[in-house]
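Q: Quick one: the structure is below, and I'll ask about it shortly.
The values are calculated or read from the model by the stated rules, or taken from the named source; none is laboratory data. All values reported here derive from a predicted model rather than from experimental measurement. FYI the Cβ positions are ideal-geometry reconstructions off the backbone, even for glycines, and counts take in every protein chain you see.
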Amino acid sequence: MRTIEYLTDPALASFFWPVLLTTLVIAILGGSMSWIVVVKRLSFIGQGVSHSAFGGVGIALVVGFTSGSLLGELATATIVLAFSLLAAFGIALLSGRLSARSDTAIGIVLSVAMATGFLLYSLAESIAAQSSAPPPQSLESILFGSVTQIDTFDLILALCALAIVIATLWMRRHRVLFWMFDEAAAPAFGVQVTRERMVVLALLALVVVVTMKLAGVVLATAVLVLPGAIALRLSQQLRPVLCISVLSSVACAIIGLILAFELDTQPGPTIVLTLGALFGATWLPRLQHRSTTASSAPSSQS
Amino acid sequence: MHPHPAIQVDHLRFRYDKATDDVLDDISFSVEPREKLGVLGPNGGGKSTLLKLLLGLLPVSRGQILIFGKPPQYARREGLIGYLPQKIEAELSAPLSVRQVIAMPIKVAGQPTPEDDQHLRSMLDLFELSSLADKPICALSGGQLQRVMIARALARRPKILILDEPTVGIDIRGQQQFASLLNSLHESLNLTLVIVSHELRTIVTGSTRIACLARTMHFHGSASGLTTSILEQVFRHDVSGIIPADDSTPPDHNCGGCCADH
């Protein structure tokens with residue numbers, strides 16, 4: 001098996017262990033946030049934020065930060081996070097203050113940020129060509145992720161993000177739950193809904209930034225939507241939903257990664273497809289029940 | 001006896017940012033503890049604004065509001081006011097049980113005490129929700145959900161309960177059941193009730209005092225003082241034509257129906 005070889009061969013292990021561990025941490029992150037995203041219908045906002053991150057990547061490339069050095073990695077992550085936060089808050093501001101519908105606000109921010117990203121990426125390419133510097137990372141790896149870009153820095157970044165997300169959600173759990181359940185009535189009970197919304201959007205932006213190298217700006221939202229959707233298909237109780245969300249996310253990350261290693265496919269899309277397959281599988285009992293009911297109906301009539 | 005009125009409103013004026021006119025113009029009234037005040041008025045008459053001001057959700061810039069002698073923000077922080085919103089706009093897909101929803105205001109306010117836990121159990125009993133306590137909120141019927149929301153409003157043992165259009169969309173029988181539930185709550189929990197509605201039946205049957213509000217205070221007193229001419233002044237058209245007669249209401253005012261068509 002290639003997976004065993006990758007993880008035990010000393011020459012390959014130094015590359016694949018950070019990939020495996022970073023993927024697992026991202027899976028826990030996605031699972032922790034995902035059910036909130038699904039219940040609060042923030043999937044499209046997540047999509048907007050993750051696509052908007054491309055604008056941040058473009059800025060980092062033009063400025064000349066590369067993933068070769070620790071400082072460059074840190075600067076890139078900071079710029080992309082700042083851009084994602086700006087996009088998240090921009091969407092919230094446009095949706096609320098300017099009376100624009102939230103899907104309109106997301107559409108505006110997403111398209112402007114993507115267009116900015118593409119233009120800046122082209123600019124970075126021509127700057128690199130003129131100065132004989134190495135070309136920027138491929139567009140495909142930015143859009144759909146590339147594990148070859150993941151290193152120890154990304155693992156540390158993901159662990160920091162995990163600590164921030166878990167600590168914030170734990171400390172604000174009652175307020176976030178109230179906001180999530182009943183945003184309209186929450187202010188009368190002392191919950192500042194704008195603050196809770198901003199906190200969750202900031203955490204969303206953080207998860208998107210950490211997930212980008214694994215799944216790219218296009219697929220980053222999948223880890224923020226599918227585990228929660230799976231969990232809410234299987235339970236309506238808080239603790240089971242949280243557990244299923246995290247466990248399904250981790251399980252699909254491991255299975256997807258093994259499949260990617262064995263079939264020599266891109267890990268990001270493979271993990272997303274594994275999550276999609278599990279979500280599809282949650283519908284099987286109902287479909288089976290329907291077909292059983294349908295087949296038993298004529299016999300009962302006769 | 002409490003030294004302060006439950007609610008004291010003095011010369012209250014309110015205007016939203018960038019608006020040219022006051023939404024509320026020189027409103028004054030008071031509500032004694034254990035009174036049942038019905039706030040009646042047309043849509044756009046300032047009822048919701050008054051409610052937000054009482055809840056401390058909007059700043060009082062001109063005039064004064066005191067809740068048991070304290071500013072509304074303090075009263076809200078201390079849990080003196082319970083609130084039942086007009087519509088249930090909650091995300092019913094949220095993975096929460098009945099017990100978790102009712103306990104939310106207590107948990108947001110801080111660490112629950114043993115008294116809070118005891119009160120939570122008594123709320124579940126009072127609203128006949130004990131057998132449903134661990135059921136997911138999405139499994140409830142509309143009536144059960146409304147009981148959960150009232151129990152949530154009473155979770156912090158408030159002295160005042162504000163109900164915003166509590167009977168909108170409920171049939172006559174449901175309205176009667178709701179009125180008797182409110183009466184029993186009023187008796188058993190010593191609550192001061194403020195019912196905001198544009199439905200005359202809800203206000204007349206559920207209140208000991210009525211305030212008619214359409215930007216200014218057109219009437220403030222007992223139901224027996226409420227006349228058709230006052231209602232016409234408030235709703236700005238002939239109300240007698242659209243209000244059916246009802247034996248349960250003051251005979252000389254013919255105001256026993258509801259004004260839902262406004």
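Q: For the range A:246-261, how many residues are in contact with a helix residue (DSSP H, G or I) (Cβ under 6 Å, 6 or more places away or on another chain) and either over 15 Å from A:G276 (Cβ atoms) or aromatic (F, W, Y) (or both)? It would help to see each step written out before you state the result.
A: Pass one, the range A:246-261, residues in contact with a helix residue (DSSP H, G or I) (Cβ under 6 Å, 6 or more places away or on another chain): A:246, A:248-250, A:252-253, A:255-261.
From what's left, either over 15 Å from A:G276 (Cβ atoms) or aromatic (F, W, Y) (or both): A:246, A:250, A:257-258, A:261.
Residues flagged as in contact with a helix residue (DSSP H, G or I) (Cβ under 6 Å, 6 or more places away or on another chain) and either over 15 Å from A:G276 (Cβ atoms) or aromatic (F, W, Y) (or both) within the range A:246-261 amount to 5.
Q: Which residues, counting only those in the range B:44-99, are within 25 Å of B:G143 (Cα to Cα), more than 15 Å from the chain's Cα centre (by Cα), of a type in the set (G, A, S) and not in a loop (DSSP other than H, G, I, E, B)?
A: Listed by number, the list holds a single entry, B:S97.
Q: Another question, then. Here is a check on your reading of the model: is A:L219 under 28 Å from A:P18 (Cβ atoms) and either surrounded by 23 or more Cβ atoms within 10 Å (Cβ to Cβ) or modelled with pLDDT of 90 or more (or both)?
A: Details: under 28 Å from A:P18 (Cβ atoms): yes; either surrounded by 23 or more Cβ atoms within 10 Å (Cβ to Cβ) or modelled with pLDDT of 90 or more (or both): no.
Spelling it out, it is not the case that A:L219 is under 28 Å from A:P18 (Cβ atoms) and either surrounded by 23 or more Cβ atoms within 10 Å (Cβ to Cβ) or modelled with pLDDT of 90 or more (or both).
Q: Kindly indicate whether A:A77 is over 26 Å from A:L232 (Cβ atoms) and either in a loop (DSSP other than H, G, I, E, B) or free of Cβ contacts under 8 Å to residues at least 40 places away in the same chain (or both).
A: On the way: over 26 Å from A:L232 (Cβ atoms): yes; either in a loop (DSSP other than H, G, I, E, B) or free of Cβ contacts under 8 Å to residues at least 40 places away in the same chain (or both): no.
No; evaluated as a whole, the condition is false for this residue.
Q: Further question: Just give me the residues in the range A:95-117 being closer than 16 Å to A:M198 by Cα and at pLDDT 80 or above, in sequence order. Write out each step before concluding.
A: We begin by selecting, within the range A:95-117, every residue closer than 16 Å to A:M198 by Cα; these are A:95-97, A:102, A:105-106.
Listed by number, the residues that qualify are A:A105, A:I106.
Q: Could you grab me the full set of residues in the range A:24-59 that are away from every other protein chain (no Cβ under 14 Å), surrounded by 21 or more Cβ atoms within 10 Å (Cβ to Cβ) and among the aromatic types (F, W, Y)?
A: A:F54 - this is the single residue of the range A:24-59 that is away from every other protein chain (no Cβ under 14 Å), surrounded by 21 or more Cβ atoms within 10 Å (Cβ to Cβ) and among the aromatic types (F, W, Y).
Q: Something else: So which residues in the range A:177-203 are within 28 Å of A:S52 (Cα to Cα) and touching a Lys or Arg at 6+ places or on another chain (Cβ under 6 Å)?
A: Result: A:M180, A:E196.
Q: Then there is this: Could you please let me know if A:V191 is within 14 Å of chain B (Cβ to nearest Cβ) and outside any helix (DSSP H, G or I)?
A: Working: within 14 Å of chain B (Cβ to nearest Cβ): yes; outside any helix (DSSP H, G or I): yes.
In short, yes.
Q: Still on this structure, I have one more. Please indicate, with yes or no, whether at least one residue in the range A:234-251 is away from chain B (no Cβ under 13 Å) and buried (at least 24 other Cβ atoms within 10 Å of the Cβ).
A: There is at least one residue in the range A:234-251 that is away from chain B (no Cβ under 13 Å) and buried (at least 24 other Cβ atoms within 10 Å of the Cβ).
Q: Considering only residues that are outside any helix (DSSP H, G or I) and touching a helix residue (DSSP H, G or I) at 6+ places or on another chain (Cβ under 8 Å), which ones fall in the range A:1-53?
A: Let us first name the residues in the range A:1-53 that are outside any helix (DSSP H, G or I), namely A:1, A:9, A:40-42.
Correct list: A:M1, A:K40, A:L42.
Q: Being within 11 Å of chain B (Cβ to nearest Cβ) and more than 20 Å from A:S95 (Cα to Cα) is the filter here, so list the residues in the range A:161-188 that pass it.
A: A:R172, A:R173, A:H174, A:R175, A:L177, A:F178, A:A188
Q: Out of the helices (runs of 4 or more DSSP H) lying entirely within the range B:113-219, which hold 1 or more residues that are crowded, with 23+ Cβ neighbours inside 10 Å, modelled with pLDDT under 85 and hydroxyl-bearing (S, T, Y)?
A: On the way: elements: B:114-126, B:142-153, B:172-189, B:200-206.
Helices (runs of 4 or more DSSP H) meeting the threshold: B:200-206.
Q: Taking the stated definitions as given, is A:A231 surrounded by 24 or more Cβ atoms within 10 Å (Cβ to Cβ), touching a helix residue (DSSP H, G or I) at 6+ places or on another chain (Cβ under 9 Å), farther than 17 Å from A:L275 by Cα and facing another protein chain (nearest Cβ under 10 Å)? Show your work before the answer.
A: Details: surrounded by 24 or more Cβ atoms within 10 Å (Cβ to Cβ): yes; touching a helix residue (DSSP H, G or I) at 6+ places or on another chain (Cβ under 9 Å): yes; farther than 17 Å from A:L275 by Cα: no; facing another protein chain (nearest Cβ under 10 Å): yes.
So A:A231 fails the test.
Q: Across the range B:62-112, what is the total count of residues that are surrounded by fewer than 14 Cβ atoms within 10 Å (Cβ to Cβ), within 12 Å of chain A (Cβ to nearest Cβ) and in contact with a Pro (Cβ under 8 Å, 6 or more places away or on another chain)?
A: Residues that pass the stated criteria total 0.
Q: Also, quick follow-up: Pairs please, first residue from the range B:170-189 and outside the structural domain of B:S141 (by TED's automatic domain parsing), second anywhere and modelled with pLDDT under 85 and of a type in the set (S, T, Y), Cβ atoms under 6 Å, 6+ apart in sequence or on different chains.
A: Here the result reads B:Q175/B:T167; B:F178/B:T167; B:A179/B:T205, each pair linking the range B:170-189 to a residue that is modelled with pLDDT under 85 and of a type in the set (S, T, Y).
Q: In the range B:190-220, which residues are of a type in the set (A, V, I, L, M) and out of contact with any strand residue (DSSP E or B) (no Cβ under 8 Å at 6 or more places or on another chain)?
A: Filtering the range B:190-220 down to residues of a type in the set (A, V, I, L, M) leaves B:191, B:193-196, B:200, B:203-204, B:210-211, B:213-214, B:217.
B:A214 - this is the single residue of the range B:190-220 that is of a type in the set (A, V, I, L, M) and out of contact with any strand residue (DSSP E or B) (no Cβ under 8 Å at 6 or more places or on another chain).
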